[in-house]
Amino acid sequence: MGLVGNKENGNGEVGLSGIHLGSKNKYRRMDSELTDDGGFDEASLQKQQQEERRRTTRKYVFACAVFASLNSVLLGYDVGVMSGAILFIHEDLKITEVQEEVLIGCLSVVSLFGSLAGGKTADAIGRKWTMGLAAIIFQTGAAIMTLAPSFEILMVGRLLAGVGIGFGVTIAPVYIAEISPTISRGSLTAFPEIFINIGILLGYVSNYAFSGLPSHTSWRIMLAVGILPSVFIGFALCIIPESPRWLVMQNRVEEAKTVLWKTNENDAEVEERLAEILSAAGTTNGEKYEDKAVWRELLSPSPALRRMLVTGIGIQCFQQVTGIDATVYYSPTILKEAGLVGNSKLLGATVAVGITKTVFILVAIVLIDKVGRKPLLYVSTIGMTVCLFTLGITLSWLKGGPFGIDLAVLSVCGNVAFFSVGIGPICWVLTSEIFPLRLRAQAAALGAVGNRVCSGLVAMSFLSVARAITMGRTFFVFSAVSAVSVAFVYACVPETKGKSLEQMDLLFQSEQVWEGSRAERELGDVEQLVQK
């Protein structure tokens, strides 16, 4: 509490508490800012009100990001729980190795249909209700899987769950990016990746908790637990607002302004953002947004849009072709190959993998808006390359001994840690922020399609490829692909930290700005735009 001198006037002063200060007291509280007539200074009151609004806004946006990310728990839980449940499904339903690969990998492949439909649906009914539709479809699939008496029925539930996941993973990052202030958009848009990791960890814990039950019962309970998040998702949809950018496209400008007032810290910023959105939507005076041939524009892109598509789809594909789903889905199989034996030990080790993946995503959340997207991508892809190469060495020449087992566990944990620090969350951040408003939902859906196709191919082929060329050599291949991803980040991914969504076009207008070798120019451009 600061004190400042006050000129003595010979008259007694009364403090805020009503205690007489006396004529000798030459000090008063700076935060009181009393005027001559005993009232509060207007500037001080405005400052307090502004600070209160800032705190309220940050809490509100944070809550919206959390609620919008709940769908991602479903995807993460499915990935985590299936890695252990498949052991018991294999025993109970007597499925073959090929059926095992199809069961695991088909979810990613089928989810591409949900992703394709998700972009169009989000433009039609809104971002918010598309997330609700995703939850309903997924939960229906999860219920069918829980009760499945045969492999065929299990596949029906799996396919429905995949469609629901396709909807959810596409729209949640877009929604969060569209409601978030520029300064915190990166960390908030990465929230779905946090919840994916939380879901994976919960899946691993569920595997470990129910592994002692009979095989006919254990995997059903494991899958049934995944139905529970629907309760929270239903509650979330009653609280979160619709995206202000979608509202503008629907000519609901006043509603959009209301949402912007809740998600921005001052009135001047609200007016500035609204003007940018109106301009980006193709209208500056509130006329009805006209639906253009979005797919025609995506299929015949301008040079700037082509660069956006290369960056967005490319980073989504590299996220998966580096083998993260193989590492997560088949972590018990990988560690068993390294020499670890016993279901309890295997599932316990996968819990450690899940904890590592969850902890390091928090590191990304803290750093993404401070150091930027590109530095974290470099750390991530280089670190993954090293860990995957080490895992290849371990599985080729060191497996079986205590050192080889420990090194395999460390390499798997290191791989998921570096993945979570960078390319895991950042690929979703980039694809939700780089595209123009009129194309954003459907262009982001294309990126998600690339992600899901690559995920499915890796998940469905991993065991077959490992059997054909050995598991160690398979991870050498993943390591080589990861090394290529480092070059892709350098050449094709610009730094987007500090730019509003409406300023992204400037990044891709010039090839010189797009090239990774122009890092200093990118940084200067960002600083210049922030100053504006």
### Query
Within the set of pairs 6+ apart or on separate chains, which have a first residue in region 451-478 that is aromatic (Phe, Trp, Tyr), a second that is open to solvent by 60 Å² or more (accessible area, probe 1.4 Å) and assigned to a helix (DSSP H, G or I), and C-beta atoms under 7 Å apart?
Phe476/Phe389
### Query
Could you list, in sequence order, the residues of region 185-236 that are modelled with pLDDT of 80 or more, among the hydroxyl-bearing types (Ser, Thr, Tyr) and over 22 Å from Gly342 (Cβ atoms)?
Ser187, Thr189
### Query
Is it the case that Val73 is touching a Gly at 6+ places or on another chain (Cβ under 8 Å) and either outside any loop (DSSP other than H, G, I, E, B) or modelled with pLDDT of 85 or more (or both)?
yes
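Kindly establish whether Leu340 is within 27 Å of the chain's Cα centre (by Cα), modelled with pLDDT under 90 and surrounded by fewer than 24 Cβ atoms within 10 Å (Cβ to Cβ).
Working: within 27 Å of the chain's Cα centre (by Cα): no; modelled with pLDDT under 90: yes; surrounded by fewer than 24 Cβ atoms within 10 Å (Cβ to Cβ): yes.
No: the conditions fail for Leu340.
Can you tell me which residues in region 410-438 are farther than 15 Å from Val386 by Cβ, in contact with a helix residue (DSSP H, G or I) (Cβ under 6 Å, 6 or more places away or on another chain) and part of a helix (DSSP H, G or I)? Step through it out loud before you land on a result.
Filtering region 410-438 for residues farther than 15 Å from Val386 by Cβ gives 420, 424-438.
Those left that are additionally in contact with a helix residue (DSSP H, G or I) (Cβ under 6 Å, 6 or more places away or on another chain): 420, 424-435, 437.
Passing the criteria: Ser420, Gly424, Pro425, Ile426, Cys427, Trp428, Val429, Leu430, Thr431, Ser432, Glu433, Leu437.
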### Query
Within region 456-477, can you find the residues that are within 30 Å of Leu298 (Cβ to Cβ) and modelled with pLDDT of 85 or more?
Leu457, Val458, Ser461
### Task
Would you mind telling me which numbered condition in (1) open to solvent by 10 Å² or more (accessible area, probe 1.4 Å); (2) part of a helix (DSSP H, G or I); (3) in contact (Cβ under 8 Å) with a residue 40 or more places away in the chain; (4) more than 26 Å from Val102 (Cα to Cα) Gly400 fails?
(2)
### Task
Output yes when any residue across region 128-145 is free of Cβ contacts under 8 Å to residues at least 24 places away in the same chain and touching a helix residue (DSSP H, G or I) at 6+ places or on another chain (Cβ under 7 Å), and no when none is.
yes
### Query
When both residues are 6+ apart or on different chains and their Cβ atoms are under 9 Å apart, which pairs have a first residue that lies in region 267-278 and is more than 17 Å from Glu254 (Cβ to Cβ) and modelled with pLDDT under 80, and a second that is surrounded by fewer than 16 Cβ atoms within 10 Å (Cβ to Cβ) and β-branched (Val, Ile, Thr)?
none
## Note on the structure
Subset of region 83-112, residues surrounded by fewer than 19 Cβ atoms within 10 Å (Cβ to Cβ) and either among the hydroxyl-bearing types (Ser, Thr, Tyr) or under 20 Å from the mean Cα position of the chain (by Cα) (or both), comes to Thr96
### Task
Quickly run through region 306-318 and pick out the residues that are open to solvent by 10 Å² or more (accessible area, probe 1.4 Å) and in contact (Cβ under 8 Å) with a residue 60 or more places away in the chain.
Arg307, Leu309, Val310, Ile313, Gly314, Cys317, Phe318
### Message
Among the residues in region 369-378, are any over 17 Å from the mean Cα position of the chain (by Cα) and part of a helix (DSSP H, G or I)?
### Response
yes
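Could we say that Gly472 is more than 24 Å from the chain's Cα centre (by Cα), open to solvent by less than 50 Å² (accessible area, probe 1.4 Å) and more than 30 Å from Met504 (Cα to Cα) here? Outline the logic, then answer.
Values: more than 24 Å from the chain's Cα centre (by Cα): yes; open to solvent by less than 50 Å² (accessible area, probe 1.4 Å): yes; more than 30 Å from Met504 (Cα to Cα): yes.
Yes; evaluated as a whole, the condition is true for this residue.
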### Task
Residue by residue through region 416-462, note down the ones that are surrounded by fewer than 24 Cβ atoms within 10 Å (Cβ to Cβ) and over 30 Å from Pro332 (Cβ atoms).
Pro436, Leu437, Arg438, Leu439, Gln442, Leu446
### Query
Does Cys413 satisfy being more than 22 Å from Glu97 (Cβ to Cβ) and surrounded by fewer than 24 Cβ atoms within 10 Å (Cβ to Cβ)?
yes
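For Thr146, state whether it is hydroxyl-bearing (Ser, Thr, Tyr) and modelled with pLDDT of 85 or more.
Working: hydroxyl-bearing (Ser, Thr, Tyr): yes; modelled with pLDDT of 85 or more: yes.
When the stated conditions are applied, Thr146 passes them.
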### Query
Got a number for residues in region 123-135 being crowded, with 20+ Cβ neighbours inside 10 Å, over 20 Å from Ser108 (Cα atoms) and among the aliphatic types (A, V, I, L, M)?
0
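Working carefully through the options Val363, Val429, find the one that is touching a residue at least 40 places away in the same chain (Cβ under 8 Å) and farther than 19 Å from Val486 by Cβ.
Numbers: Val429 fails: farther than 19 Å from Val486 by Cβ.
Testing whether each residue is touching a residue at least 40 places away in the same chain (Cβ under 8 Å) and farther than 19 Å from Val486 by Cβ leaves just Val363.
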### Query
Tell me, which residue of region 372-396 that is touching a residue at least 60 places away in the same chain (Cβ under 8 Å) and closer than 24 Å to Glu433 by Cβ is surrounded by the most Cβ atoms within 10 Å (Cβ to Cβ)?
Met384
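The values are calculated or read from the model by the stated rules, or taken from the named source; none is laboratory data. On a predicted model such as this, the values are computed, not experimentally measured, just so you know. Ideal geometry is used to build each Cβ from the backbone, glycine not excepted, and the neighbour counts take in all protein chains shown. Only protein heavy atoms, including side chains, enter the accessible area calculation; ligands, DNA and RNA are left aside. Shrake-Rupley method; radii C 1.70, N 1.55, O 1.52, S 1.80 Å.
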